[in-house]
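K.L.:
So that we are looking at the same thing, I have put the structure below in structure tokens.
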Amino acid sequence: MSHWLGIALFFAALVASIAIRAPHERRSKSTKIAQSRKGSLENALLGLMGVAVLALPLIFATSNWLSFADYPLTSTSFTFGAIFVALWLWLFYRSHADLGTNWSVSLELREDHRLITNGVYARVRHPMYTSLFCHAAAQGLLLANWIAGPAMLVAFTQMFLARFTREERMMREKFGEDYAGYSARTKRLVPGIW
């Protein structure tokens, strides 16, 4: 199977994810930030995400610089990559839509921030992180290169580990018992599992 099919599907999904996020990003800029816990580590990790999600895939697709790490794309990898693309984009869309004006790219609470417990948030507390892990799986399966393929998984895992407990703590501080009850009846990333 041609590696160009994997590249084409990955970049089409990436463009779709940018289109999904764009209106939410514009809207969130018009909602004042009440509290921010974005620091230098998060800024560095967001930069690393940019390299992993965009720079390395573009280098892989447009040059031979990473060709030493290429391997053949199989139809099985492509099929599972397409499945993860569908999960990634659906969860990414639903997460943004359900959060509404509460969405932020970093650890921030907006004015009049509400605890969202409906939609995909009724099953898991962090479906956007789940969508980004699906993105990482799709990238790893579709980009047949040992550097560009797993780059998102490596970068996002670092972001997730640095952010997850801080975000949970921020939500507990803001919403108290409501968040404790919500946490007791939902899983973190995967319904019924974790």
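K.L.:
Only one of Leu58, Leu45, Leu54 is touching a helix residue (DSSP H, G or I) at 6+ places or on another chain (Cβ under 7 Å) and not charged (D, E, K, R); which?
P.N.:
None of the other options fit; the residue is Leu45.
K.L.:
Let me ask something additional. Quick test for you: out of Phe164, Phe156, pick the one residue that is open to solvent by less than 30 Å² (accessible area, probe 1.4 Å), among the aromatic types (Phe, Trp, Tyr), in contact with a helix residue (DSSP H, G or I) (Cβ under 6 Å, 6 or more places away or on another chain) and outside any loop (DSSP other than H, G, I, E, B).
P.N.:
Going through Phe164, Phe156 in turn, the sole match is Phe156.
K.L.:
Can you name the condition, by its number, that His113 falls short on among (1) in a loop (DSSP other than H, G, I, E, B); (2) closer than 17 Å to Tyr129 by Cβ; (3) open to solvent by less than 60 Å² (accessible area, probe 1.4 Å)?
P.N.:
Of everything listed in (1) in a loop (DSSP other than H, G, I, E, B); (2) closer than 17 Å to Tyr129 by Cβ; (3) open to solvent by less than 60 Å² (accessible area, probe 1.4 Å), His113 misses just condition (2).
K.L.:
Looking at (1) within 24 Å of Glu42 (Cβ to Cβ); (2) open to solvent by 20 Å² or more (accessible area, probe 1.4 Å); (3) at pLDDT 90 or above, which is the only condition Ala180 fails?
P.N.:
(1)
K.L.:
Now, a different point. Is it the case, given these coordinates, that Gly119 is at pLDDT below 95 and small (Gly, Ala, Ser)?
P.N.:
Considered against the rule, which asks whether it is at pLDDT below 95 and small (Gly, Ala, Ser), Gly119 comes out as yes.
K.L.:
For region 6-53, how many residues are surrounded by fewer than 17 Cβ atoms within 10 Å (Cβ to Cβ), among the hydroxyl-bearing types (Ser, Thr, Tyr) and assigned to a helix (DSSP H, G or I)?
P.N.:
Qualifying residue count for the region: 1.
K.L.:
Out of (1) out of contact with any Gly (no Cβ under 6 Å at 6 or more places or on another chain); (2) surrounded by 15 or more Cβ atoms within 10 Å (Cβ to Cβ), what's the single condition that is false for Leu73?
P.N.:
All conditions are met except number (1).
The values are calculated or read from the model by the stated rules, or taken from the named source; none is laboratory data. Quantities reported herein were computed from a predicted structural model and do not represent experimental measurements. So basically every Cβ, Gly included, is an ideal-geometry build from the backbone, and we count neighbours across all protein chains shown. Each accessible area value is taken on the protein alone, full model and side chains, heavy atoms only, with ligands, DNA and RNA left out. Shrake-Rupley method; radii C 1.70, N 1.55, O 1.52, S 1.80 Å.
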